[in-house]
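Structure first, then comments.
The values are calculated or read from the model by the stated rules, or taken from the named source; none is laboratory data. Every value quoted in this text rests on a predicted model; they were computed, and no experiment measured them. So basically every Cβ, Gly included, is an ideal-geometry build from the backbone, and we count neighbours across all protein chains shown.
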Amino acid sequence: MNLTLRGLANVRILLRNVLTTTLDNERKAELGLPAEGFHVVLANPPFAGRVDKDRVVEEVKVGTSTATELLFLKYMMDSLRPGGRCGVIVPEGVLFGSTTAHKELRRQLIENNRVEAVMSLPGGVFQPYSGVKTSVLFFRKGGSTKKVLFLHADNDGYKLDANHDTPIEADDLPGLIDAYQNHEACWAEWSARSGTAEWLQKWWFADAASLRVNDFNLSAVRYRSMSQAAVEHRDPRVLLDELAAIEAEIVEEVEALRVVLADRDEES
C-alpha cells in the first residue's frame with residue numbers, strides 16, 4: 001500500500017491473510033509469485049495483534065504463540081529465497097522477549113540466517129500513530145550469524161513529540177547508514193578498540209557466542225559498552241520504553257495461559 005501511495009509503478013497488491021491461509025506452488029504460479037522465494041522483503045507488520053490459535057497455519061507457527069509480530073516475522077524468514085534480504089520493523093519485545101516462542105524464533109533467525117544489523121529507533125518515531133518502541137531488523141536468508149552490528153538512533157531529524165513533524169538539526173540516521181554501509185571497516189575498528197577506553201560511537205557489535213549465552217537477545221542496549229557514568233544516567237525515556245515492552249510481554253504470557261486453560265475446560 002505504501003508503494004502505491006508513493007506513486008511507484010507496477011505495484012501489485014494481493015488481498016490475503018498470510019497467517020491463516022496458504023498457497024500451493026500451482027496457485028503461486030497462477031498469481032505470478034516466485035516459487036523459490038523473494039529477493040527482498042521490506043515490511044512494517046502489525047504490532048500486538050492476535051490470531052485465533054486454531055486459525056494459524058502450520059507454516060508460520062512458532063510454538064503456541066498467536067502474536068502477529070512473531071508469526072509475520074516467521075513468514076518473512078520463510079518467504080525469502082537463499083541469499084534474499086529482509087528489512088523489517090519490529091516492536092522491541094520481539095528482540096528480548098523471554099517466552100519460549102520469542103527465544104525459538106530468535107534462535108532460528110540467528111542460526112539459520114545471517115542477521116546483519118539491528119537499528120534501535122527512538123521512542124515515538126511513529127507518532128502520532130503509535131508510541132511503541134521499535135527497531136529495524138536486517139538479515140539475509142541462509143547461513144548462520146557470526147556477528148551483529150547494533151545501531152542506536154537517539155534522534156531521527158524530527159522533534160520526538162506527539163506529532164513528530166517538526167524538523168530539528170539532530171539526526172543520527174545519516175551516520176548510522178554510513179556505519180551499516182561500511183560494516184567491515186566498523187568491525188575492524190570495534191575489534192581494535194581498547195578495553196578500558198569509553199566507546200562513544202552510536203554503533204557496536206556482538207558476536208554469535210555472546211548472542212547464544214544471552215538467549216539470542218537482539219536488544220541493542222544489552223551489548224552496549226558504557227562508562228559507569230553512562231550507566232548511572234540512562235535516558236529515563238529508554239527505561240520507560242523497555243518497561244512498556246516487558247509489560248506487553250507479560251500480557252501475552254497471561255493470554256497464552258488463558259488459552260491453555262480454556263482448552264483444558266473444553267477437553268473436560
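Would a scan of the stretch 192-200 turn up a residue that is closer than 25 Å to Lys133 by Cα and not in a loop (DSSP other than H, G, I, E, B)?
Checked the stretch 192-200: no residue is closer than 25 Å to Lys133 by Cα and not in a loop (DSSP other than H, G, I, E, B).
Among the residues of the stretch 177-189, is there at least one that is within 21 Å of the chain's Cα centre (by Cα), aliphatic (A, V, I, L, M) and either surrounded by 11 or more Cβ atoms within 10 Å (Cβ to Cβ) or at pLDDT 95 or above (or both)?
Within the stretch 177-189 (the criterion being within 21 Å of the chain's Cα centre (by Cα), aliphatic (A, V, I, L, M) and either surrounded by 11 or more Cβ atoms within 10 Å (Cβ to Cβ) or at pLDDT 95 or above (or both)), the answer is yes, since at least one residue qualifies.
Given the criteria touching a helix residue (DSSP H, G or I) at 6+ places or on another chain (Cβ under 6 Å), surrounded by 15 or more Cβ atoms within 10 Å (Cβ to Cβ) and in a helix (DSSP H, G or I), does Ala206 qualify?
No.
Restricting to the stretch 35-63, count the residues that are modelled with pLDDT under 90 and in contact with a Lys or Arg (Cβ under 9 Å, 6 or more places away or on another chain).
Count: 1.
Within the stretch 158-170, is even one residue among the charged types (D, E, K, R), under 25 Å from Ala245 (Cβ atoms) and surrounded by 13 or more Cβ atoms within 10 Å (Cβ to Cβ)?
yes
Just to be sure, is Lys147 of a type in the set (D, E, K, R) and in contact (Cβ under 8 Å) with a residue 60 or more places away in the chain?
yes
Does Arg85 satisfy the criteria of being over 14 Å from the mean Cα position of the chain (by Cα) and charged (D, E, K, R)?
Taking the combined requirement at face value, the residue does not satisfy it.
Anything in the stretch 156-191 that is more than 25 Å from Lys133 (Cβ to Cβ) and touching a residue at least 40 places away in the same chain (Cβ under 8 Å)? List them, or say none.
Trp187
Residue check, Met76 against (1) of a type outside the set (Val, Ile, Thr); (2) under 30 Å from Val221 (Cα atoms); (3) touching a residue at least 60 places away in the same chain (Cβ under 8 Å), all met but one. Which one?
(3)
Identify the residue in the stretch 80-99 that is at pLDDT 95 or above and of a type in the set (Gly, Ala, Ser) and, among all such residues, is surrounded by the fewest Cβ atoms within 10 Å (Cβ to Cβ).
Taking the candidates together, the pick is Gly83.
Condition first: touching a residue at least 60 places away in the same chain (Cβ under 8 Å), part of a helix (DSSP H, G or I) and in contact with a helix residue (DSSP H, G or I) (Cβ under 7 Å, 6 or more places away or on another chain). Now tell me which residues in the stretch 209-220 satisfy that.
Within the stretch 209-220, just Leu211 meets the criteria.
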